[in-house]
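Please find one structure pasted underneath; my questions will follow.
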Amino acid sequence: MSKLQQTLLPIKLEASPERLTSLGGLVLVEEWGRAKGIWARVDQLFARPGSGRGYEASEYVRPLVWLLHAGGRRLEDVRELAAEQEVLAQLGLQRLPSADAIGDWLRRQGKGGGVSAIQQTDKEMIRPYLKSLGAEITIDPDATIIEADKRAAEWTYQKVKGYQPLLAYVNEVCVHHQFRAGNVTAGTGALEFIQECEKKLPAGKRLYWRSDSAWYQAEVVNHCSQGGRTFSITADQDSAVKAAQAQIPETAWRQFYSKDGTATDREISETVHCMNETKAAFRLLVLRWPNPQPDLFTRAPYCYHAIATNREGSASAVVHLHNQRGESENWHKELKLGYGMEQLPCGELAANAMFFSIGVLAYNLGVLLKAEVLPAEYRHSTVQTLRWQLYRLAGKLVRHGRQWCLKVRTNSEKLALLLALRKKCFELS
């Protein structure tokens, strides 16, 4: 057997004139976007093009949402959509701007209020879902770092250059975000961020804010102590907190158990505490555990972790609830790695803020697709799973009886699922 026969398969590669696509499943993204009314709403909120040949705003937003759901990482990846546009045009992608045109639009809109328009679209899209949740809504604010070698990037506290957007999640959905320079800390403008976020939440819900120590601020505590709100915020280990911890008597400490009832190496207690500018005292829940490396000078026998809160219930239950805020790290990961927000396309802060807001829109669209349309087994799937199982479907577009038909290569079970999903999109529109 020759080396050629050992290396290459006995087949030929040729271009096909048939209308073929590898993204047949993206019809779900398109129809779900239509059912939620986002394309039409984007066109209403943005200014119309200056000429009849210009692109509408949705003709820039739609391909970016498609691209991010399909796994694209750069504006240049829009060319992959263009390669199949003969088919994708029948699936909703009638016109496709070039990568350069999209970049120019991002820069213009980033400076001209485009972020607010996208956030307004996002707000209206997620509101019915938020209303369907229980009587209490838990909001998890958290900042994340996006490393970037851009001229507008600034140094972050992790000693890398990039950006540091601040986001607030409710049950995986991102309800509000601010795209920030890398040198802007998570605690900057915390109260203003809370107030903007609450404008996007449905009325009549109890609000529970839980945050890390970046929001351990008097004005945040005061705000979250009013109007039926509750909070749990990781406390700074400042001198006042350390003094409060030191005053807890030894008899007040007890064994701390994990959520499943397993004993840990930690002990728990609580005391009452206040800050210089807080209007009322609050509970300070304190965990301690043996210090594996006592300081040479203080020889402190314990390490401490404290949580400020006004929630009722046992200290352990509140700690367990507070610790669930770590789930926001997984949502950051899905947004950045799953939907491509770890790579920003432009050199300007405003343009990247615009791109990021569309990324959040695409992310929320995917979350709602799982929560409201897909079967329960997909509820905690990543977008990577959706691509593998639903989006990446080989399809052939044919014309039958004056109607286009997309023939997909899949089994009968998945075809039934796709048909059921299309029906749900129609019913929910």
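A quick yes/no check of all residues on (1) aliphatic (A, V, I, L, M); (2) under 18 Å from the mean Cα position of the chain (by Cα); (3) over 30 Å from R379 (Cα atoms):
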{"residue": "E154", "(1), (2), (3)": "no, no, yes"}
{"residue": "V175", "(1), (2), (3)": "yes, yes, no"}
{"residue": "E198", "(1), (2), (3)": "no, yes, no"}
{"residue": "A203", "(1), (2), (3)": "yes, no, no"}
{"residue": "S225", "(1), (2), (3)": "no, no, yes"}
{"residue": "A235", "(1), (2), (3)": "yes, no, yes"}
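Then there is this: Name, by its number, the condition in (1) polar (S, T, N, Q); (2) under 30 Å from S381 (Cβ atoms); (3) open to solvent by 10 Å² or more (accessible area, probe 1.4 Å) that does not hold for N183.
Checking N183 against (1) polar (S, T, N, Q); (2) under 30 Å from S381 (Cβ atoms); (3) open to solvent by 10 Å² or more (accessible area, probe 1.4 Å), the one that fails is (2).
Please give the number of the condition S328 fails out of (1) of a type outside the set (A, V, I, L, M); (2) surrounded by fewer than 21 Cβ atoms within 10 Å (Cβ to Cβ); (3) over 20 Å from W66 (Cα atoms).
Condition (2) is where S328 drops out.
Determine the pairs where a residue that is within 20 Å of A315 (Cα to Cα), located within region 268-282, has a partner that is of a type in the set (V, I, T) and exposed (fewer than 11 other Cβ atoms within 10 Å of the Cβ) with Cβ atoms under 9 Å apart, the partner being 6 or more residues away or on another chain.
Filtered contacts from region 268-282: A281/V272; F282/V272.
Return the residues of region 356-410 that are in contact with a strand residue (DSSP E or B) (Cβ under 6 Å, 6 or more places away or on another chain) and modelled with pLDDT of 95 or more; say none if nothing qualifies.
Within region 356-410, V360, N364, V367 qualify.
Listed here are the residues, each with its yes/no results for (1) hydrophobic (A, V, I, L, M, F, W, C); (2) in contact (Cβ under 8 Å) with a residue 12 or more places away in the chain; (3) out of contact with any Pro (no Cβ under 9 Å at 6 or more places or on another chain).
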{"residue": "A362", "(1), (2), (3)": "yes, yes, yes"}
{"residue": "L369", "(1), (2), (3)": "yes, yes, yes"}
{"residue": "S381", "(1), (2), (3)": "no, no, yes"}
{"residue": "A420", "(1), (2), (3)": "yes, no, no"}
{"residue": "S429", "(1), (2), (3)": "no, yes, yes"}
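So which residues in region 135-167 are in contact (Cβ under 8 Å) with a residue 24 or more places away in the chain and either β-branched (V, I, T) or closer than 14 Å to K205 by Cβ (or both), if there are any at all? First the steps, then the outcome.
Looking only at region 135-167, we keep the residues that are in contact (Cβ under 8 Å) with a residue 24 or more places away in the chain, and these are 135-148, 150-157, 163, 165-167.
Within region 135-167, A135, E136, I137, T138, I139, T144, I145, I146, T156 meet the criteria.
Those residues that are farther than 18 Å from F179 by Cβ, out of contact with any strand residue (DSSP E or B) (no Cβ under 9 Å at 6 or more places or on another chain) and open to solvent by less than 20 Å² (accessible area, probe 1.4 Å), I need them from region 64-101; list them, please.
Correct list: W66, L67, H69, A70, G72, V78, L81, G92, L93, P97, A99.
The values are calculated or read from the model by the stated rules, or taken from the named source; none is laboratory data. Remember, predicted model here, so these are calculated numbers, not experimental data. FYI the Cβ positions are ideal-geometry reconstructions off the backbone, even for glycines, and counts take in every protein chain you see. Calculation scope for accessible area: heavy atoms of the full protein, side chains included, ligands and nucleic acids excluded. Shrake-Rupley method; radii C 1.70, N 1.55, O 1.52, S 1.80 Å.
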